[in-house]
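In what follows, a structure is listed as structure tokens, so that the remarks can point back to it.
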Amino acid sequence: MAKAKDPVDVVASVRRSIEVSPKGSRRVRCHSLRALFGFQAWIAQRKDMVTSLLDSEGIRAQPPVAEAGLHDWIVLSLPVMPRPDDSSPDHRPAEAWFAHLISLPLDSERAAQMHFATTLLHGLGYSYEHEAAGFRFDMWEG
């Protein structure tokens, strides 16, 4: 038996996926939307509940959930996209790091790896144990 899903959490997840989508919408088959909620039967009461939950989050469904056939596509979108959250912007390296990179002679792939990629990986939280600099691997063209 399928695990019961909280419909409010499902709609919140759908909203987040729309917000991060480059198009600002999400296209889903009606039967897939039904499966997101964990329903096997798609009765009028469940369609109405899903419609009201989508409306409560400001999500527009085209065509409306109640009118869509089981194999029809439904486009879920936010008519008014939320403002981006700039409260914690992405970390930017110090200007001294950029000046250091400009001064380096990056004339080989190895130099670029050792001076640029290693620093970048360390900035992302990786340590020296995660590196494998200098290990060769065979590669064939064709």
Expressed as a whole number of Å, what is the distance separating the alpha-carbon centroids of the stretch 58-81 and the stretch 4-24? 13
Keeping the other protein chains in place, figure out the carbon and sulfur percent of the accessible area of the chain, with a 1.4 Å probe. 56
Within the chain, what's the longest run with no GluC sites (Glu not before Pro) in a DSSP loop and at most 13 other beta-carbon atoms within 10 Å? Give the range, please. 68-140
Using a 7 Å offset from the Cα along the Cα-to-Cβ direction at both residue 112 and residue 6, what is the distance between the two label points in nm, to one decimal? 4.7
Restrict the search to the stretch 32-132; then list the chymotrypsin sites (Phe, Trp or Tyr not before Pro) that DSSP places in a loop and that have at most 12 other Cβ atoms within 10 Å of their Cβ. 126
Mind listing which trypsin sites (Lys or Arg not before Pro) in the stretch 1-110 are in a DSSP loop and have 14 or fewer other Cβ atoms within 10 Å? 3, 5, 23
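List the relative contact order of the chain as a percent without decimals, with contacts defined as Cα pairs under 8 Å and 6+ residues apart.
Computed over the chain, the figure is 21 percent.
The values are calculated or read from the model by the stated rules, or taken from the named source; none is laboratory data. Just so you know, these numbers come straight off a predicted model, no measurement behind them. Cβ sites come from the backbone with ideal geometry, for glycine too, and all protein chains shown count toward neighbours. Side chains are part of the model used for accessible areas, which takes the heavy atoms of the whole protein and leaves out ligands, DNA and RNA. Shrake-Rupley method; radii C 1.70, N 1.55, O 1.52, S 1.80 Å.
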